[in-house]
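One structure is given below, encoded as structure tokens.
The values are calculated or read from the model by the stated rules, or taken from the named source; none is laboratory data. Given the structure is predicted, the values throughout are model-derived calculations rather than measurements. We place every Cβ from the backbone using ideal geometry, glycine too, and count neighbours over all the protein chains shown. The area values use the complete protein model at the heavy-atom level, side chains included, leaving out ligands, DNA and RNA. Shrake-Rupley method; radii C 1.70, N 1.55, O 1.52, S 1.80 Å.
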Amino acid sequence: MDEKKVMLSGIQPSGELHLGNYLGAIKNWGARAEEFDCYYFMADLHTLTVRQVPAELRRHTLEQLAIYIACGLDPEKNTLFIQSHVPQHAELGWVLNCYTMFGELSRMTQFKDKSAKHAENINGGLFTYPSLMAADILLYQPDFVPVGEDQKQHVELTRDVAQRFNNLYGETFKIPEPYIPKTGARIMSLNAPDSKMSKSIPEGCVFLMDKPEDIQRKFKRAITDSDTEHCVRYDPQTKPGVANLMSIYAACTGRSFAEIETEFDGQGYGAFKPAVGDAVIEMLRPIREEAQRILADKAYLEQVYRDGAQRAGYVANKTLRKVYKKVGLVAR
Ligand code: TYM
């Protein structure tokens with residue numbers, strides 16, 4: 001009966017959600033429940049690849065759920081859950097580890113970046129992380145995986161692993177497509193436009209729960225460019241800082257780069273930077289207020305994640321049983 005296509009994505013609750021997570025991912029998930037069967041989760045097992053403070057991990061996980069809802073993901077219409085509450089993720093993750101090659105895992109950019117950043121803790125989980133991500137995805141047989149540009153490589157690996165498994169055992173997994181937004185797929189740090197926006201550079205990172213005055217301060221201090229032209233023109237090669245601000249403004253307002261150039265024609269960065277700050281503040285204001293309201297209601301959040309885990313677990317279990325049978329494990 002249910003002919004809807006399936007969409008699935010997740011975010012690691014390893015810190016507070018930021019503008020890159022919103023523009024690159026969540027904004028692209030929203031308001032699709034009429035069209036798609038949607039699964040969105042907090043990828044808490046993934047965060048363990050880097051040391052976490054336990055109480056903060058718990059807080060960030062619930063805060064992330066509240067923000068998902070505040071961003072318009074109605075829990076009645078979208079399945080919202082915590083990854084570790086659906087044990088099939090870890091179970092299929094193990095199986096897929098055995099179908100993912102060492103060479104493939106060695107090529108993953110996120111592994112290379114994180115092992116450079118955490119040289120004292122290059123653990124096995126960090127290396128095999130993409131197999132768990134493949135399991136996250138393939139359990140739900142999604143058509144689309146809406147992610148930012150930096151996760152495309154992992155979704156492509158997921159496709160290769162799924163194809164390999166299907167070739168060996170017959171049609172088991174649907175082959176998912178990455179779904180990358182046209183604007184906002186790669187938001188850069190405000191004070192280091194050659195690095196992607198991430199919580200590891202907090203001053204260049206706008207958190208969704210930041211107060212308006214903090215957001216405005218970060219935009220006013222944003223690095224623009226050292227050229228003498230001082231005009232708002234989209235040129236990512238020679239003006240990466242301005243191009244990044246333009247991408248943010250475009251993603252918030254829906255305006256094209258040409259329209260933005262016209263809007264700020266003859267005005268310097270002094271007018272442009274606070275205008276981007278204001279657009280972001282106004283876009284985030286209702287989300288922050290609604291998230292704070294939801295976060296105060298712990299019983300409601302608990303009901304949402306319990307219900308989500310039950311719905312997700314039902315679907316995940318069907319896929320896992322199929323996989324176990326195909327590889328030759330004796331049915332329980
Ligand atoms: P994570 O938690 O690093 O990021 C979550 C989402 O936010 C996007 N994103 C960005 N987009 C634009 N500009 C940025 N600066 C930026 N920073 C982050 C990411 O592309 C991502 O869509 N492995 C995943 C989490 C994950 C997952 C999954 C995703 C686990 N299992 C299954 C999809 C499906 C990760 O580390 O994303």
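Just a few scattered comments:
- Angstrom value of the Kirkwood radius, inverse mean 1/r, which spans all Cα pairs in the chain: 21.0 Å
- Nearest-10 value in Å² for the accessible area of LYS326, using the 1.4 Å probe: 70 Å²
- Shown here for region 58-143: GluC sites (Glu not before Pro) in loop regions (DSSP other than H, G, I, E, B) with at most 13 other Cβ atoms within 10 Å, namely GLU76, GLU120.
- Residues with amide H under 5 Å from that of SER256, placed H, sequence gap 5 or more: none
- Most mobile listed residue (GLN153, GLN303, GLN110) in the chain, GNM with C-alpha springs under 10 Å: GLN303
- Selection of chymotrypsin sites (Phe, Trp or Tyr not before Pro), region 109-195, meeting DSSP coil and at most 13 other Cβ within 10 Å: none
- In this structure the amide hydrogen of VAL6, modeled in the peptide plane, comes within under 5 Å of the amide hydrogens of ASP37, ASP143, PHE144, none closer than 5 places in sequence on its chain.
- Summary of the geometry: region 275-305 and region 1-80, compared by the centres of their Cα atoms, lie 13 Å apart.
- Of SER226, SER14, the order by accessible heavy-atom surface (1.4 Å probe, DNA, RNA and ligands excluded), from most exposed downward, is SER226, SER14.
- Cross-link table LYS27/LYS182; LYS218/LYS239; LYS112/LYS239, entries beyond 21 Å C-alpha to C-alpha: LYS112/LYS239
- Summary value for the chain: 22 percent relative contact order, contacts being C-alpha pairs under 8 angstrom separated by 6+ residues.
- Kirkwood hydrodynamic radius computed over region 202-292 comes to 13.5 Å, based on all pairs of distinct alpha carbons.
- The chain, accessible area per residue, ligands and nucleic acids excluded (1.4 Å, Å²): 47 Å²
- Bridgeable lysines around LYS318 (alpha carbons under 27 Å apart, same-chain partners fewer than 8 residues away excluded): LYS4, LYS5, LYS77, LYS152, LYS174, LYS326.
- Candidates ASN191, ASN244, ASN167: whichever shows maximal mean-square fluctuation once the chain is modelled as a Gaussian network with Cα springs under 10 Å: ASN167
- GluC sites (Glu not before Pro) within region 189-245, DSSP loop, no more than 14 other Cβ atoms inside 10 Å: GLU229
- Taking only protein heavy atoms and a 1.4 Å probe, the accessible area of region 227-275 is 50% carbon and sulfur.
- Helical runs (DSSP H, four residues minimum) scored at -39500 (n - 2.57) apiece and divided by the length of the chain put the mean residue ellipticity at 222 nm at -16000 deg cm²/dmol.
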